[in-house]
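S.K.: So that we are looking at the same thing, I have put the structure below in structure tokens.
The values are calculated or read from the model by the stated rules, or taken from the named source; none is laboratory data. Given the structure is predicted, the values throughout are model-derived calculations rather than measurements. Reconstructed Cβ throughout: ideal geometry from the backbone, glycine too, with neighbour counts over all protein chains shown.
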Amino acid sequence: MKRIAILLMTTVFAFSCKEQGKKVLVTEDVKPTEMQQNLNKYVPVKLSADLSSLTDNERKMLPLLIDAANKMNDLFWYEAYGDKDALLNGITDEDTKKFVEINYGPWDRLNGNKAFVDGVGEKPDGANFYPKNMTKEEFASAEMEDKSSIYNFVRRDENGKLYTIPYHEKFKTEVKEVSDLLLEASKLADDAGLKNYLELRAAALLNDEYQASDLAWMDMKTNTLDIVIGPIETYEDQLFGNKAAHEGYVLIKDQEWSERLAKFSAYLPELQKGLPVDAAYKKETPGTDSDLNAYDVVYYAGDCNSGGKTIAINLPNDEEVQLQKGTRRLQLKNAMQAKFDKIVLPISDVLIDESQRKHVTFDAFFANTMFHEVAHGLGIKNTINGKGTVREALKEHASALEEGKADILGLYMIQQLHAKGELKEDIKDNMVTFMAGIFRSVRFGASSAHGKANMIRFNFFKEQGAFSQNEDGTFKVNFDKMETAMKDLSKLILTLQGNGDYDGVAKLVAEKGMIYEELQADLDKLSSANIPVDVVFEQGKEVLGL
């Protein structure tokens with residue numbers, strides 16, 4: 001009950017910020033404990049969707065897909081920490097248990113992975129993908145089968161020698177259960193593309209060979225239901241940025257919104273040619289088979305459900321598939337709306353210049369997020385000097401720089417499409433909402449690739465004069481200087497990626513990928529105003545009435 005009271009007080013305070021001139025008397029309540037304050041970083045959101053347009057078979061498929069996605073939770077728990085039950089059984093405080101479950105471990109993902117359970121120590125950079133006492137040098141010199149694979153664990157034998165074990169062997173029982181659920185769902189699929197994808201994904205989980213199912217996923221065009229499932233993103237591996245972690249999303253396509261977005265992917269090749277960088281760094285041609293669609297997400301599990309929640313997806317990550325077919329960009333509209341209403345708008349009331357708050361809009365937030373995902377397809381996937389893929393060359397820094405690239409090139413795309421007349425809204429909306437979005441994402445902290453990317457951009461923009469700070473502490477966007485800073489940062493990131501310049505990226509992260517005291521003081525205002533950092537979902541079959 002105490003936590004509910006605190007949340008109600010938060011709502012009253014946030015509402016009062018918008019009603020200028022009115023004073024709201026808030027009764028003093030019991031001061032929350034540190035763990036209650038941790039839990040209050042997250043605001044509960046119910047994940048629901050309109051199921052009325054689904055066919056009978058689709059309604060029968062949905063519980064099967066949710067059950068399959070749910071099994072990704074246990075796999076990610078092992079990858080992120082290890083023995084979940086042993087950890088939870090050793091904790092008596094219920095609030096601490098809740099916070100452990102949100103973080104999939106005893107480290108606070110929104111506070112630089114700081115330990116909040118006594119005796120656990122620092123989180124290993126390699127999570128549970130590698131032996132905790134393994135060094136980078138030892139890994140580099142070790143002879144192991146498929147050591148560079150993104151789909152295996154590195155372990156020690158009884159003699160201390162390193163070896164690998166594929167995911168499908170380590171999780172043999174679990175992936176068989178998931179595979180069977182996907183096959184059962186495929187029998188109900190009326191859409192041929194979805195049926196083919198589910199069958200191929202079911203097979204891929206049993207052998208860790210995902211490219212065929214990735215290609216099939218790209219070929220799906222008319223499906224209403226979708227599931228993203230398997231070992232996908234490499235953010236959790238902060239030692240090498242190489243091992244993929246398990247996650248699952250269950251999605252329902254919003255056909256009306258998707259139809260509005262369909263045309264934008266066609267501009268990728270043209271926009272690639274116009275990137276503000278030398279020709280060598282934009283010689284690759286983006287795939288033109290890319291999809292851009294809007295979805296309601298009805299279930300998150302595993303990696304995507306840990307700490308800060310994803311509101312848009314750009315997949316597959318396989319560079320060969322990207323060059324052959326492009327990627328699919330999935331905008332998670334209901335999750336995006338929740339974050340805008342509960343986080344972005346309250347942030348703008350505290351930190352954005354009053355005269356510019358009118359430019360913070362959901363349409364701009366949606367567009368900025370959408371073109372962030374589209375922009376992942378721009379730039380270069382392979383280094384220009386024989387260092388392999390950008391991901392391989394930049395190692396643990398690859399994810400943060402890629403997210404920074406997508407953010408800044410997303411804004412570049414918006415500027416270019418405005419110039420073409422393809423976007424009619426006021427571009428000032430996009431720029432000011434982009435600024436408010438920096439404050440939202442930077443709160444994810446240094447342990448998050450997105451958080452680190454936003455720190456770099458904030459500090460770069462500050463040096464370039466892209467914004468100024470008023471005497472009252474609010475920030476005002478300088479539109480012309482932001483456009484210049486956008487182009488300069490785009491050129492810097494694309495050049496670092498194309499050169500596979502690990503040392504250059506490491507220097508950029510060290511100098512600009514941090515929150516300095518002045519910015520921290522501004523972020524503390526958001527905490528004082530009880531503005532949540534992110535959302536935690538109430539989700540599942542019961543929430544959907546299934």
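S.K.: Could you list all residues from the stretch 154-213 that are out of contact with any helix residue (DSSP H, G or I) (no Cβ under 7 Å at 6 or more places or on another chain), β-branched (V, I, T) and farther than 20 Å from N242 by Cα?
M.R.: T173
S.K.: Contact list please: Cβ distance under 6 Å, first residue in the stretch 113-139 and within 15 Å of T234 (Cα to Cα), second residue surrounded by 12 or more Cβ atoms within 10 Å (Cβ to Cβ) and among the hydrophobic types (A, V, I, L, M, F, W, C), pairs at least six apart or on different chains.
M.R.: Close Cβ pairs (under 6 Å, with a partner that is surrounded by 12 or more Cβ atoms within 10 Å (Cβ to Cβ) and among the hydrophobic types (A, V, I, L, M, F, W, C)) amount to D125/L239; G126/L239; A127/A80; F129/F153; Y130/V154.
S.K.: Only one of (1) part of a helix (DSSP H, G or I); (2) within 27 Å of V297 (Cα to Cα); (3) aliphatic (A, V, I, L, M) fails for I232. Which number is that?
M.R.: The failed condition is (1).
So that you can scan it fast, the table gives a plain yes or no per residue for (1) in contact with a strand residue (DSSP E or B) (Cβ under 6 Å, 6 or more places away or on another chain); (2) hydrophobic (A, V, I, L, M, F, W, C):
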| site | (1), (2) |
| --- | --- |
| V120 | no, yes |
| K123 | yes, no |
| K132 | no, no |
| M144 | yes, yes |
| F153 | yes, yes |
| G160 | no, no |
| E199 | no, no |
| L206 | no, yes |
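S.K.: How many residues does the stretch 255-271 contain that are closer than 15 Å to K221 by Cβ and either crowded, with 21+ Cβ neighbours inside 10 Å or within 21 Å of the chain's Cα centre (by Cα) (or both)? Lay out the reasoning, then the answer.
M.R.: Within the stretch 255-271, the first condition is being closer than 15 Å to K221 by Cβ, and the residues that meet it are 255, 258-259, 261-263, 265-266.
Now drop any that are not either crowded, with 21+ Cβ neighbours inside 10 Å or within 21 Å of the chain's Cα centre (by Cα) (or both), which leaves 258, 261, 265.
Number satisfying all stated conditions: 3.
S.K.: Let me ask you something else. Here's a check for you: in the stretch 293-323, which residue that is in a loop (DSSP other than H, G, I, E, B) and of a type in the set (D, E, K, R) is nearest to the chain's Cα centre (by Cα)?
M.R.: So the first thing to find is which residues in the stretch 293-323 are in a loop (DSSP other than H, G, I, E, B), and the list is 306-311, 316-318.
Cutting the leftovers down to of a type in the set (D, E, K, R) gives us 309, 318.
Details: K309: 6, D318: 17 Å.
Within the stretch 293-323, the match that is nearest to the chain's Cα centre (by Cα) is K309.
S.K.: Based on what the data block shows, is G437 within 30 Å of G126 (Cα to Cα) and not in a helix (DSSP H, G or I)?
M.R.: It is false that G437 is within 30 Å of G126 (Cα to Cα) and not in a helix (DSSP H, G or I).
S.K.: Here's another thing I want to ask about it. From A212, A203, A185, which residue is modelled with pLDDT of 95 or more, over 23 Å from the mean Cα position of the chain (by Cα), over 16 Å from A69 (Cα atoms) and not in a loop (DSSP other than H, G, I, E, B)?
M.R.: After ruling out the rest, the residue left standing is A212.
S.K.: Another question about this same structure. Can you name the number of the only condition in (1) among the basic types (K, R); (2) in contact (Cβ under 8 Å) with a residue 60 or more places away in the chain; (3) surrounded by fewer than 22 Cβ atoms within 10 Å (Cβ to Cβ) that K452 fails?
M.R.: Every condition holds for K452 apart from (3).
S.K.: Looking only at helices (runs of 4 or more DSSP H) that lie completely in the stretch 17-123, which have at least 1 residues being at pLDDT below 95?
M.R.: 34-39
S.K.: Can you report the number of residues in the stretch 149-175 which are over 16 Å from P231 (Cα atoms) and among the charged types (D, E, K, R)?
M.R.: The number of residues fulfilling the criteria is 5.
S.K.: Of L417, L345, L423, L378, which residue is over 25 Å from L47 (Cβ atoms) and either aromatic (F, W, Y) or in a helix (DSSP H, G or I) (or both)?
M.R.: L417
Yes or no, residue by residue, for (1) more than 30 Å from G126 (Cβ to Cβ); (2) in contact with a strand residue (DSSP E or B) (Cβ under 8 Å, 6 or more places away or on another chain); (3) touching a residue at least 60 places away in the same chain (Cβ under 8 Å):
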site: A244; (1), (2), (3): no, yes, yes
site: L261; (1), (2), (3): yes, yes, yes
site: F264; (1), (2), (3): yes, yes, yes
site: E270; (1), (2), (3): yes, no, no
site: V277; (1), (2), (3): yes, no, yes
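S.K.: Report whether or not E284 is in a loop (DSSP other than H, G, I, E, B), of a type in the set (D, E, K, R), at negative phi and surrounded by fewer than 20 Cβ atoms within 10 Å (Cβ to Cβ).
M.R.: So E284 fits the description; yes.
S.K.: Taking K405 as the residue in question, decide whether it is surrounded by fewer than 19 Cβ atoms within 10 Å (Cβ to Cβ), over 26 Å from P346 (Cα atoms) and basic (K, R).
M.R.: Against the criterion (surrounded by fewer than 19 Cβ atoms within 10 Å (Cβ to Cβ), over 26 Å from P346 (Cα atoms) and basic (K, R)), K405 does not qualify.
Residue by residue, here is whether (1) part of a helix (DSSP H, G or I); (2) without any contact (Cβ under 8 Å) to a residue 60 or more places away in the chain holds:
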position	(1), (2)
K491	yes, no
L494	yes, no
I515	no, no
E518	yes, yes
V536	no, no
G540	no, no
